[in-house]
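Report on the structure given below.
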Amino acid sequence: MMRDCLLISVSLYVLWLRKEIGVLRAGEKRRRLLIETNEKFSNSSAMLIRYRMCERRLTFLEARFRFDWHGQSAKANDCISPELRWRMTMHGKALWQGRKVEALEPRNSKISEKQVGSKEIFELLNFEGLRPIWTQKLIDTMLELPTLSPQDYPHSAEDLYMALRYVLKIRHVAVFSALTPWVELTIWQVFPSAQVTTVEYNVPIIRNLTSHNFRLRSRSQVIMDYTAHGAHFDGAVFFSGLEHDGLGRYGDPVDPDGDIAALREIALMLRPKQFLFLAIPIGPLDHVHYYAHRIYGPYRLRKLIASSDFDLVARVWNGKILPGSSLNDDIYYSHDNDLPDWQYQPILILQRKRLLLRREESERNTLMLSILLEIIDRLFNFTMIRQ
């Protein structure tokens with residue numbers, strides 16, 4: 001009797017032990033499979049993200065690269081700007097044509113008082129190399145003036161204020177081409193909580209400034225932001241800067257279509273259906289004043305807008321807003337005979353085309369579908385293990 005009871009107990013223990021070993025083996029197999037699946041999922045999603053980042057970076061670079069233009073060839077000493085000589089000689093360490101190269105003059109010796117709001121602003125605006133320095137005293141002095149508009153561009157701040165109010169809401173706006181922050185301050189008057197990013201070849205320097213939160217980015221940093229996050233701006237302002245792009249006036253690369261390339265880059269960084277507020281010199285004749293600026297006549301203005309994935313929805317000039325997408329003859333005249341051609345710069349309200357929205361939605365859907373398939377595959381394998 002005792003022997004039979006012992007055999008039964010041993011048999012039950014063996015059955016229990018075999019079951020436990022089976023459970024442990026299944027658990028270990030499931031654990032390993034889940035680890036492999038997690039690694040596969042992580043690697044797959046990481047590969048997709050890296051692919052999208054590379055794709056965005058190439059798209060951004062393609063906006064400025066063309067096979068028919070490889071840069072300016074210098075055939076005479078006069079073709080080399082002082083900035084380029086300074087860089088070629090390693091900031092004056094080497095000789096240039098047997099002579100010592102003098103240090104670059106401060107930037108404010110190359111600008112005029114009328115490019116800023118007043119004589120006081122001009123005296124407060126200092127430079128470090130080619131980079132303007134923004135201080136608290138500069139900001140306070142600007143806010144005390146009757147208008148934020150630069151003297152060269154009368155009623156520009158008031159026109160921008162009206163154009164910004166044309167849209168409902170802007171949370172994150174980019175400002176391109178900034179000598180003084182009058183555009184940024186105007187944006188904050190309309191949208192006090194907006195995040196404003198200033199994008200410049202020569203990035204401004206902030207010193208002893210606490211009243212406003214300026215976010216400053218160079219062109220290379222903006223490329224990296226776009227590569228990592230894609231289109232992330234709700235709006236952009238480009239006032240009196242695009243007409244210089246590609247002419248080399250402010251140290252940018254010489255490019256006959258630099259303005260078109262710059263506008264394409266902005267289109268890539270803007271979220272779909274969002275707005276660009278663009279001010280450029282417009283006149284009845286297309287004109288290039290090298291190396292100062294362009295005047296956009298009927299041909300260049302149409303080419304600029306058509307080549308950059310934007311639609312014209314309205315324009316603002318001298319306190320009047322004119323809705324409509326027409327580029328008829330009326331847009332090329334300021335109706336002010338005393339105004340020089342380069343000072344007539346109405347604010348064009350441009351909206352990013354919907355075509356880009358469909359392409360971005362397709363890219364996002366492809367990414368989400370890939371991730372969803374990975375999750376389904378993971379759940380299916382987990383269910384099979386449980387069974």
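Bear in mind these aren't lab numbers, they're just calculated from the coordinates by the rules spelled out. Here the structure is a predicted model, which is why all the values come from computation and not from measurement. Note: ideal-geometry Cβ built from the backbone for every residue, glycine included; neighbour counts use all protein chains shown.
Points worth noting:
- Long-range amide H partners of Val175 with built H, under 5 Å: Thr197, Thr198, Val199, Val237
- Between Gln343 and Ile205, residue separation times 0.36 nm minus the direct Cα-Cα distance comes to 46.9 nm.
- Mean-position separation - Cα centroids, the range 166-188 and the range 199-239, in angstrom: 11 Å
- Residue separation of Glu83 and His289 scaled by 0.36 nm, minus their Cα-Cα distance, works out to 72.1 nm of gained length.
- For the range 167-289, alpha-carbon Rg over 2.2 N^0.38 Å: 1.07
- Ala314 long-range amide H proximity, modeled H, under 5 Å: Gly324, Ile349
- The H on the amide N of Gly248, modeled in the peptide plane, is under 5 Å from the matching H of Asp255, each at least 5 residues off or on a different chain.
- Each peptide among 286-295, 173-182, 152-161 gets the average number of other Cβ atoms lying within 10 Å of its residues, and from highest to lowest they stand as 173-182, 152-161, 286-295.
- Mean Cβ count within 10 Å, highest first, over the residues of peptides 89-97, 112-120, 139-147: 112-120, 139-147, 89-97
- Descending by average beta-carbon neighbour count within 10 Å, the peptides 314-321, 257-264, 237-244 line up as 237-244, 257-264, 314-321, the highest first.
- Label positions at Met90 and Thr59, each projected 7 Å from the Cα along the C-beta direction, are separated by 4.2 nm.
- Remark on the range 145-200: ratio of C-alpha radius of gyration to 2.2 N^0.38 Å is 1.08.
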